[in-house]
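The values are calculated or read from the model by the stated rules, or taken from the named source; none is laboratory data. Just so you know, these numbers come straight off a predicted model, no measurement behind them. Cβ coordinates were reconstructed from backbone atoms using ideal geometry, including for glycine residues, and neighbour counts include every protein chain displayed. Protein only, heavy atoms only, side chains kept; ligands, DNA and RNA dropped before computing areas. Shrake-Rupley method; radii C 1.70, N 1.55, O 1.52, S 1.80 Å.
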Amino acid sequence: MARKRRTVYIGDKRWKLTRDRRLRGRYGDCDYAARTIRICSTLVGLDLLDTLIHEVIHARWPDLHEEAVEEVATTLAGILDAEGFVHGESEGD
């Protein structure tokens, strides 16, 4: 399966965002030297959103403690899910 890759800006830096199956049991990772975020390509829904937010926070604030990263990512993902952003619900649903 081909990896999906795109360029995103986090802060004022350009990062590569890649969906990849080869993460060996991890949901995602953040490579500061290569400015690359890898997200497991099998993730969907809330797990995908939580992991993406988590890794973007790491990229933007590399010194932030892991517990804070986890709490913010999970909180934001949960709010976005409740508001219908994860499953594509509309206001009338």
Task: Candidate values (1) 0.94; (2) 0.99; (3) 1.07, label of the one derived for Rg/Rh (Cα atoms, Kirkwood Rh) - done: (2)
Task: the chain: angle of helix 66-82 to the longest principal axis, Cα-based, in degrees nearest 10 - done: 30
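Carbon-plus-sulfur fraction of the accessible area of the range 3-72, 1.4 Å probe, in percent? Could you put the intermediate results ahead of the total?
Details: 2340 of 4810 Å².
The computed percentage sits at 49.
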Open item on the list: Taking the solvent-accessible surface of protein heavy atoms with a 1.4 Å probe, what is the per residue accessible area of the chain in Å²?
Closed with: 72
- [ ] Could you work out which residue, out of ALA77, ALA59, ALA68, moves most in a Gaussian network model of the chain, that is, has the largest mean-square fluctuation with Cα springs under 10 Å?
- [x] ALA68
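Mind checking the dipole of the range 3-93: about its Cα centre, +1 per Lys or Arg Cβ, -1 per Asp or Glu Cβ, Debye to the nearest 20? If you can, show how the numbers build up before the last one.
Values: 15 positive and 17 negative charges, 223 e Å.
I would put it at about 1080 debye.
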TODO: Using a 1.4 Å probe and ignoring any ligands, DNA or RNA, find the accessible area of ASP29 and quote it in Å² to the nearest 10.
DONE: 30
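Return the ratio Rg/(2.2 N^0.38 Å) for the range 1-44, where Rg is computed over Cα atoms only.
Working: Rg = 10.5 Å, N = 44, 2.2 N^0.38 = 9.3 Å.
Dividing the Cα radius of gyration by 2.2 N^0.38 Å gives 1.13.
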